[in-house]
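Worksheet: one structure, shown below.
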Amino acid sequence: MAEQRVVVVGGGLAGLAATMKLTELGTPVDLVSLTPVKRSHSVCAQGGINSCNDQTRQLGDSEWKHFDDTVYGGDFLQNQPPVKEMAYWGPKIIDLMDRLGVTFNRTQEGFLDRRRFGGTLYKRTAFAGATTGQQLLYALDEQVRRREAEGMVRKFEFWDFLSPITDASGRCVGIVAQDMVSMQIRSFPADAVIVASGGCGLLYGRSTMSVFCNGSAASRCMQAGAKYGNPEFIQVHPTAIPGADKLRLMSESARGEGGRVWVPRKAQDSRPPKSIPESERYYFLEERYPKYGNLVPRDIATREIFNICVNEGLSVEAGRMCVYLDLTHIQRTELDRKLGGILDIYEKFQGVDPRDVPMKIFPAVHYSMGGLWVGYSKSGDGGLVAGHPQNQMTNLPGLYAIGECDYQYHGANRLGANSLLSCIFSGLFVAPCVRTWIQNQSKSAHELPASIMQNAINAQEIRHKELLGSTGGENPYLIHQELGDALTRAATVVRNNQQLESAYEKVSELQQRAKACSLSDSGSWTNQNVIFTKALQDMFPIAKSILRGAQLRDECRGAHFKPDFSMPSLSEEEPAARRAEAERWCDRFEENNRRFLKSTIATVSDEEPQISYEDVDTSLIPPRPRLYGLVGAEVIEQVWKERVTSPQTTA
Amino acid sequence: MNATNANFLTRHDFLIRRLHSLTGLVPVGCYMVVHLLVNSSLMNGPGAFQTNVNQIHSLGRALPLVEWLFIFLPLIFHAVIGVWIIRSGKTNTDQYRYLNNWRYTLQRWTGVVAIIFIFFHVFHLHGWFHGEWWLENVARPWGMANFKPYNAASTLATALQGFLWPIFYFVGIVCCVFHLANGIWTMGITWGVWTSDRAQKGASIVCCIGGIGLLIVGLSALSAAITTDVQQARNVEDAMYKLRVDTGEIVDNPEKRYHAPESLGDSTEEASPDEDVSE
Amino acid sequence: MSSPTHAEPVVHARPHKINVRILRQDGPGQPSYWERHQVDYEENMNIISVLQRIASQAMTVEGKKVTPVAWDCGCLEEVCGACTMVINGRVRQSCSALVDRLLKEHATEIELRPMSKFPVIRDLMVDRKRMFETLKRVEAWVPVDGYDDMGPGPKLSRAQQEENYPLSECMTCGCCVEACPQYTKIEVHRRPGETDDQYDQRKRETYAQGFVGAAAISQAVLFNSHPTGANIANERMAVLTGTGGVQDCGNAQNCVAVCPKKIPLTRSIARAGRAATLYALKRIFDH
Ligand SMILES: Cc1cc2nc3c(=O)[nH]c(=O)nc-3n(C[C@H](O)[C@H](O)[C@H](O)COP(=O)(O)OP(=O)(O)OC[C@H]3O[C@@H](n4cnc5c(N)ncnc54)[C@H](O)[C@@H]3O)c2cc1C
Ligand code: HEM
Ligand code: SF4
Ligand code: SF4
Ligand code: FES
């Protein structure tokens, strides 16, 4: 057989990890990325990466508990075997990254320092200042550069992935991509394709993500027939700062290092925050969640902020959600050592030193739990079968998805510092699986008839030419703004069906208008205008899936919150009545799980998303109410505990 | 990358740059310090100065060899490579007005001034070559080669009459001193002597103080030279000359003496009670 | 969610319009020309948002329809290194270049130019491959055996981590080399009939003749001070003392002054200088 190659689309943590591992195993890789891979969005990750470790173990932690926290944090919406496998790989991944030279913070004695992140009680998070993603990405980038120097990797940076290529049998045999400098469109035959294209925050106009996170690659796979899982689960991060072009994240690590969230008890108190006495501050997260405090999972923190600002009217600023994130009680040297990166960002963009003055922070779209549907092969111990070709493979044979652009690991809500782990894990883990797949193919993609490749190129060239010639008068940049506004209004923290419906109509209309864009640049050299317009057009399938998925899911789960279908809090005061109420609460909880504890699966046909549902493998950890020790909900936890320990309900 | 002949230079870039750096200090820089110190002895009067000069010239025939081997050739090497280095960069103080960038630019400018200054300075006083033909037919007709070692102070003072030469020397000395002082600072970075920010700052201050000190020395030599009374000095020198030749401490070499149209002078004032230690 | 933002109270009067002068170039080897644009002033604007408005207007201040200005950006928070350009004469990241502050520097106009030390691809976009190639040359990586689970890495002291961490923040933005008087532009034009590989090869060879620049020196120092990285320290030193090595630095120290990550580059350069001294001496006496 001719030489076998793999194409990796995207050089974030996931794509680089896969590339690095594949080349180690002897498979050459063509790495295609919108940007020099060193600039991929993963550089933005600040807070850290989770794993069970020697320190936490002594306090009773284990890989299983990490697995459990992840599943609980994700509201049980993820298939558990991959999550389990990931949690058990955690410590190994940290060790590997340590060996690769990541400058993790150290304890006095020279061990890796750890901090606590949301949704757990253990200090699992290894970190390199407040630029962990950057440090991890660079370590992988360096290894890939080393492989590139050895001739095992060819990089195609400033190339836009346009579509997968499939042969007559439906097997993915390569990709078509376009050079964003010379505008050349060409094919890359490949025996397997791994898409690692990251998130889709750009759909919302402004988010905490980089400009590359437009979801175009995932959408193009979807349009080629790939299934997209859980689109409606979009994480809104509680703490960011707004800017005209981007919402900049203030990492959860700020709270992990002791940062406290509060609002003045008096609405829009105009005093400078430092002069507001303790007694007049409302530390609402700490009061409502004494166990987890400021480190409840993000969906909960965000909703509490929404509640405080919108329902209780205590926002620091009138007219929009804003609360204080306070670090001023922590020593400066400590702050500089552990959080320097984000504090610099705040200072740079807000002009205020957060070491002296509490930060004003706002929620912002941050992460997409959903993504391309991928399969897995479950092992006897409930983890994954290493090297099995089904792991991380989409429903298009030979097309794999890893990293933020797969839907596999985080369910309905991602815990902080788990994404870097899932990205590196899925990247490393997929490599031997892909090897098995390509070794099982009887024919190399390079031996296929040239017409397969040529047809795919032709289709893209037609699209490209049509766009350049289009004269409909619409401005793609303005349509993008409108799309962002529509999604931000309807599909973020709080959702309701009317809004979702009207947003869907609006988005459909925008989709039509986006087809009639007139380009201000119709040239054939570094035409960013046409690249942007293509990405814009390809935002719609995912945008519509988000809205439709959200609309059809009449429940609250993780980041998806519909007040109309929320579980009521207990109102009875009298113990017996309260207990009965809790019983009813649990009945309803179980009933709801029977209906909705399912992955949303979206496909597109004729521009419309088709939604179906798929069962979730919860065989390792049965679902339980997700309360995080909420004050006033203790009875529910009590009742639930009794139910699972009594034999008849554990069936 | 400009010229093709840059090839040899680029290939041995490191060695050449380090040699350039080294020659800046040893011997060129060291020589310059000694030179300025010796010259400043003129403040103690022409006799003291003459004694020092005599000491140097006690090397006799070896002197040109020493001069060329340890001063001129290293200097020319440093200068030629210096020009090549200057051409390899592009100053940008108009855009980046940082102190250290100014120093970088000034290091280059003062290097260029130093070339011009040293070229004329050596020509002006020394004449570059000792050969009689050269001196008669080239140097002297141009008004150069004015310095007579056995009439050190007086010929120096004569040569510096007027106001153009003093200004020329003033600028030259200031530039050379800056160049050396700043050069020692950059050298410490180049060779890795001071690495941390603090050490670099500290070294910068030390170099600055050293530079100011050297500048005072250099300028006082200049002012002493300008204010020297030629006639008086010559008397001292001639007396010393006779004495030294008589004791055999120096070789009689009229070429190194001042020859006036009418030779006169006999007053015998003693300058300094020094012993010469020539071999 | 969050509506247009609200910054600290500002006292000085704000303009309604911002004038922007941009040095454009349609492609490599083409002449460059100035173009003037005007966008509405908004609060909290940075150069990226100005360029976004310009892209969406696609019209000069004179009302002439033009193609949108091409530029590069990514993270928009100064960690990816993509958006470097020369703003009001000084190289910096355009995402962190806030309009209010620029207008304080120069009230009437903002001037944007592409970096001058790299070949222009188009407008404000330049080709910084030379920097990435240099990273390859100095072998800026830890030469591990492989990526299997082999236990933790070498134990490092906190002091060592704190020394290395700042160096590992380098995002290859190129500010340091743009401001460096010793780093000069190398542009290699394609010859007729040359294949991609030949062209790339020639580019690599030509780049290898130039100064490696502060960023690469600092990376070499970083990896030489990592216990495993140090295993190939001599190979890195061979590059740092080869053509275009650390000796080409003229100590202008602009690099450290403009580095957006405040990387102690001159310290790295001095450390590299020291290592080069020792390396050269060792080579003399070992042979
Ligand atoms: C501000 C911020 C902070 C974060 N902090 C943390 C944290 O502390 N801990 C944590 O665990 N997670 C964190 N996350 C989440 C985490 O950073 C991301 O989920 C993760 O980096 C995604 O990595 P990836 O490899 O999947 O994709 P990315 O890093 O996004 O890379 C995507 C790659 O795909 C390429 N690509 C995309 N589209 C195309 C196309 N059409 N053609 C060609 N190439 C394409 C891009 O060029 C890029 O190389 C954070 C996220 C944000 C936004
Ligand atoms: C008075 C005579 C001179 C003395 C004492 C002297 C001394 C020095 C010293 C000590 C250095 C520092 C070397 C380093 O940074 O490593 C230096 C650098 C330099 N000198 Fe000179 N120099 C003299 C004349 C010249 C001349 C005539 C030139 C030619 C133009 C010149 C050009 C330079 C340049 C360009 C540098 C900077 C080198 C670099 O940064 O790498 N110098 N000099
Ligand atoms: S050293 Fe600083 S200026 Fe230079 S490339 Fe790195 S981050 Fe940019
Ligand atoms: S110190 Fe060296 S590398 Fe830095 S700007 Fe100056 S010459 Fe360039
Ligand atoms: S956009 Fe990443 S550094 Fe400016």
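The values are calculated or read from the model by the stated rules, or taken from the named source; none is laboratory data. Please read these numbers as outputs of a predicted model, since none were measured by experiment. Every residue, glycine as well, gets a Cβ built from its backbone with ideal geometry; the counts of neighbours run over all protein chains shown.
Would you confirm, using the coordinates I've provided, whether C:P264 is more than 16 Å from ligand 1 (Cβ to nearest atom), more than 14 Å from chain B (Cβ to nearest Cβ) and under 17 Å from the mean Cα position of the chain (by Cα)?
Values: more than 16 Å from ligand 1 (Cβ to nearest atom): yes; more than 14 Å from chain B (Cβ to nearest Cβ): no; under 17 Å from the mean Cα position of the chain (by Cα): yes.
No.
Identify, by number, the condition in (1) more than 8 Å from chain B (Cβ to nearest Cβ); (2) in contact with a helix residue (DSSP H, G or I) (Cβ under 7 Å, 6 or more places away or on another chain); (3) surrounded by fewer than 24 Cβ atoms within 10 Å (Cβ to Cβ) that C:A215 doesn't meet.
Going through (1) more than 8 Å from chain B (Cβ to nearest Cβ); (2) in contact with a helix residue (DSSP H, G or I) (Cβ under 7 Å, 6 or more places away or on another chain); (3) surrounded by fewer than 24 Cβ atoms within 10 Å (Cβ to Cβ) one by one, C:A215 breaks only (3).
Does C:L112 satisfy the condition of being on the phi > 0 side of the Ramachandran plot and assigned by TED's automatic domain parsing to the domain that holds C:P31?
Values: on the phi > 0 side of the Ramachandran plot: no; assigned by TED's automatic domain parsing to the domain that holds C:P31: yes.
It is false that C:L112 is on the phi > 0 side of the Ramachandran plot and assigned by TED's automatic domain parsing to the domain that holds C:P31.
Is it the case that segment B:81-103 has a residue that's surrounded by 20 or more Cβ atoms within 10 Å (Cβ to Cβ), among the β-branched types (V, I, T), more than 16 Å from ligand 5 (Cβ to nearest atom) and more than 9 Å from chain C (Cβ to nearest Cβ)?
Taking every residue of segment B:81-103 in turn, none turns out to be surrounded by 20 or more Cβ atoms within 10 Å (Cβ to Cβ), among the β-branched types (V, I, T), more than 16 Å from ligand 5 (Cβ to nearest atom) and more than 9 Å from chain C (Cβ to nearest Cβ).
Every residue, every condition in (1) under 21 Å from A:E142 (Cα atoms); (2) away from ligand 3 (no atom under 16 Å from the Cβ); (3) part of a loop (DSSP other than H, G, I, E, B), yes or no:
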{"site": "C:K136", "(1), (2), (3)": "yes, no, no"}
{"site": "C:M150", "(1), (2), (3)": "yes, yes, yes"}
{"site": "C:Y165", "(1), (2), (3)": "yes, no, no"}
{"site": "C:I186", "(1), (2), (3)": "no, yes, yes"}
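Take residues that are over 15 Å from the mean Cα position of the chain (by Cα) and within 14 Å of chain C (Cβ to nearest Cβ) and tell me which of the strands (runs of 3 or more DSSP E) falling wholly in segment A:139-231 contain 1 or more.
Working: elements: A:153-157, A:159-166, A:172-179, A:185-189, A:192-195.
Once the strands (runs of 3 or more DSSP E) in segment A:139-231 are filtered for at least 1 residues that are over 15 Å from the mean Cα position of the chain (by Cα) and within 14 Å of chain C (Cβ to nearest Cβ), what remains is A:153-157, A:159-166, A:172-179, A:185-189.
Considering C:C83, C:C73, which residue is under 18 Å from A:Y477 (Cβ atoms) and within 14 Å of ligand 3 (Cβ to nearest atom)?
Working: C:C73 fails: within 14 Å of ligand 3 (Cβ to nearest atom).
Result: C:C83 is the single residue among C:C83, C:C73 that is under 18 Å from A:Y477 (Cβ atoms) and within 14 Å of ligand 3 (Cβ to nearest atom).
Name the residues in segment C:221-263 that are within 12 Å of ligand 3 (Cβ to nearest atom) and either part of a helix (DSSP H, G or I) or among the aromatic types (F, W, Y) (or both), would you? Reasoning before the result, please.
In the first step, residues of segment C:221-263 are kept if they are within 12 Å of ligand 3 (Cβ to nearest atom); the result is C:221-222, C:254-263.
Once the filter is applied, which keeps residues that are within 12 Å of ligand 3 (Cβ to nearest atom) and either part of a helix (DSSP H, G or I) or among the aromatic types (F, W, Y) (or both), segment C:221-263 yields C:V221, C:L222, C:N254, C:C255, C:V256, C:A257, C:V258.
Which pairs turn up if I take residues in segment C:151-174 that are more than 7 Å from chain A (Cβ to nearest Cβ) and under 17 Å from C:V138 (Cβ atoms) and look for partners that are of a type in the set (D, E, K, R) and surrounded by fewer than 20 Cβ atoms within 10 Å (Cβ to Cβ) with beta carbon separation below 7 Å, at least 6 apart in sequence or on another chain?
none
Of the residues C:M131, C:M115, which single one is aliphatic (A, V, I, L, M), more than 11 Å from every other protein chain (Cβ to nearest Cβ) and touching a helix residue (DSSP H, G or I) at 6+ places or on another chain (Cβ under 7 Å)?
Numbers: C:M131 fails: more than 11 Å from every other protein chain (Cβ to nearest Cβ).
Residue meeting the stated conditions: C:M115.
Say we look at segment A:1-23 and pick out the residues that are part of a loop (DSSP other than H, G, I, E, B) and among the charged types (D, E, K, R); which of these is surrounded by the fewest Cβ atoms within 10 Å (Cβ to Cβ)?
Per the stated criteria, the residue is A:E3.
Taking into account only those residues within segment A:287-307 that are surrounded by 21 or more Cβ atoms within 10 Å (Cβ to Cβ) and of a type in the set (S, T, N, Q), which is nearest to A:Y122 (Cα to Cα)?
A:N294
Residues checked against (1) surrounded by 23 or more Cβ atoms within 10 Å (Cβ to Cβ); (2) out of contact with any Lys or Arg (no Cβ under 8 Å at 6 or more places or on another chain):
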position	(1), (2)
C:K129	no, no
C:E133	no, no
C:D145	no, yes
C:D148	no, yes
C:L156	no, no
C:M171	yes, no
C:C176	yes, yes
C:I186	no, no
C:E194	no, no
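On the given criteria, is A:T120 buried (at least 21 other Cβ atoms within 10 Å of the Cβ), under 22 Å from the mean Cα position of the chain (by Cα), more than 12 Å from chain C (Cβ to nearest Cβ) and assigned to a helix (DSSP H, G or I)? Before the answer, list the steps.
Working: buried (at least 21 other Cβ atoms within 10 Å of the Cβ): yes; under 22 Å from the mean Cα position of the chain (by Cα): yes; more than 12 Å from chain C (Cβ to nearest Cβ): yes; assigned to a helix (DSSP H, G or I): no.
No; evaluated as a whole, the condition is false for this residue.
Using the structure shown, decide if A:E334 is over 23 Å from the mean Cα position of the chain (by Cα) and either within 25 Å of A:R115 (Cβ to Cβ) or in a helix (DSSP H, G or I) (or both).
Spelling it out, A:E334 is indeed over 23 Å from the mean Cα position of the chain (by Cα) and either within 25 Å of A:R115 (Cβ to Cβ) or in a helix (DSSP H, G or I) (or both).
Looking at (1) more than 21 Å from the chain's Cα centre (by Cα); (2) within 14 Å of chain C (Cβ to nearest Cβ); (3) modelled with pLDDT of 95 or more; (4) farther than 26 Å from C:K261 by Cβ, which is the only condition A:Y88 fails?
(1)
Contact list please: Cβ distance under 6 Å, first residue in segment A:1-21 and touching a residue at least 40 places away in the same chain (Cβ under 8 Å) and more than 14 Å from chain C (Cβ to nearest Cβ), second residue within 6 Å of ligand 1 (Cβ to nearest atom) and of a type in the set (G, A, S), pairs at least six apart or on different chains.
A:V8/A:G15; A:V9/A:S197; A:V9/A:A217; A:A14/A:A196; A:A14/A:G403; A:G15/A:A196
Can you name the residue in segment C:256-287 that is within 11 Å of ligand 4 (Cβ to nearest atom) and touching a Gly at 6+ places or on another chain (Cβ under 8 Å) and is also farthest from A:F349 (Cα to Cα) among such residues?
C:G273
Please verify whether segment A:566-573 includes one or more residues that are assigned to a helix (DSSP H, G or I) and out of contact with any His (no Cβ under 9 Å at 6 or more places or on another chain). Step through it out loud before you land on a result.
Going residue by residue through segment A:566-573, those that are assigned to a helix (DSSP H, G or I) are none.
Looking for residues that are assigned to a helix (DSSP H, G or I) and out of contact with any His (no Cβ under 9 Å at 6 or more places or on another chain), one finds none in segment A:566-573, hence no.
Can you confirm whether A:M359 is crowded, with 20+ Cβ neighbours inside 10 Å and touching a Gly at 6+ places or on another chain (Cβ under 7 Å)?
The answer is no for A:M359.
Among the listed residues A:L100, A:L136, identify the single one that is within 30 Å of A:V6 (Cβ to Cβ), in contact (Cβ under 8 Å) with a residue 12 or more places away in the chain and more than 10 Å from every other protein chain (Cβ to nearest Cβ).
Details: A:L100 fails: more than 10 Å from every other protein chain (Cβ to nearest Cβ).
So the residue among A:L100, A:L136 that is within 30 Å of A:V6 (Cβ to Cβ), in contact (Cβ under 8 Å) with a residue 12 or more places away in the chain and more than 10 Å from every other protein chain (Cβ to nearest Cβ) is A:L136.
Which of the residues spanning segment B:195-235 are in contact with a helix residue (DSSP H, G or I) (Cβ under 7 Å, 6 or more places away or on another chain) and more than 26 Å from B:F170 (Cβ to Cβ)?
B:T195, B:S196, B:D197, B:Q200, B:A203
Any idea which of B:F119, B:F70, B:F129 is surrounded by fewer than 18 Cβ atoms within 10 Å (Cβ to Cβ), within 19 Å of the chain's Cα centre (by Cα) and touching a residue at least 12 places away in the same chain (Cβ under 8 Å)?
On the way: B:F119 fails: touching a residue at least 12 places away in the same chain (Cβ under 8 Å); B:F129 fails: touching a residue at least 12 places away in the same chain (Cβ under 8 Å).
On inspection, the qualifying residue turns out to be B:F70.
Please go through segment C:205-218 and give me each residue that is in a helix (DSSP H, G or I) and more than 13 Å from ligand 4 (Cβ to nearest atom), ordered by number. Talk me through it step by step, then tell me what you get.
In the first step, residues of segment C:205-218 are kept if they are in a helix (DSSP H, G or I); the result is C:205-207, C:213-218.
Those that are in a helix (DSSP H, G or I) and more than 13 Å from ligand 4 (Cβ to nearest atom): C:E205, C:T206, C:Y207.
Of all residues being within 14 Å of chain C (Cβ to nearest Cβ) and aliphatic (A, V, I, L, M) in segment A:403-429, which is farthest from A:G387 (Cα to Cα)? Just the residue, please.
A:I424
So which pairs qualify, if the first residue must be in segment C:198-225 and under 21 Å from B:R87 (Cβ atoms), the second must be in a helix (DSSP H, G or I) and within 16 Å of ligand 4 (Cβ to nearest atom), the Cβ gap must be under 6 Å, and the two must be at least 6 apart or on different chains?
Hits for this filter: C:Y207/C:R130; C:F211/C:D248; C:V212/C:T134; C:G213/C:V177; C:A214/C:C176; C:A214/C:C255; C:A214/C:L265.
Can you tell me how many residues within segment A:24-36 are surrounded by 24 or more Cβ atoms within 10 Å (Cβ to Cβ) and under 23 Å from A:E3 (Cβ atoms)?
The total comes to 4.
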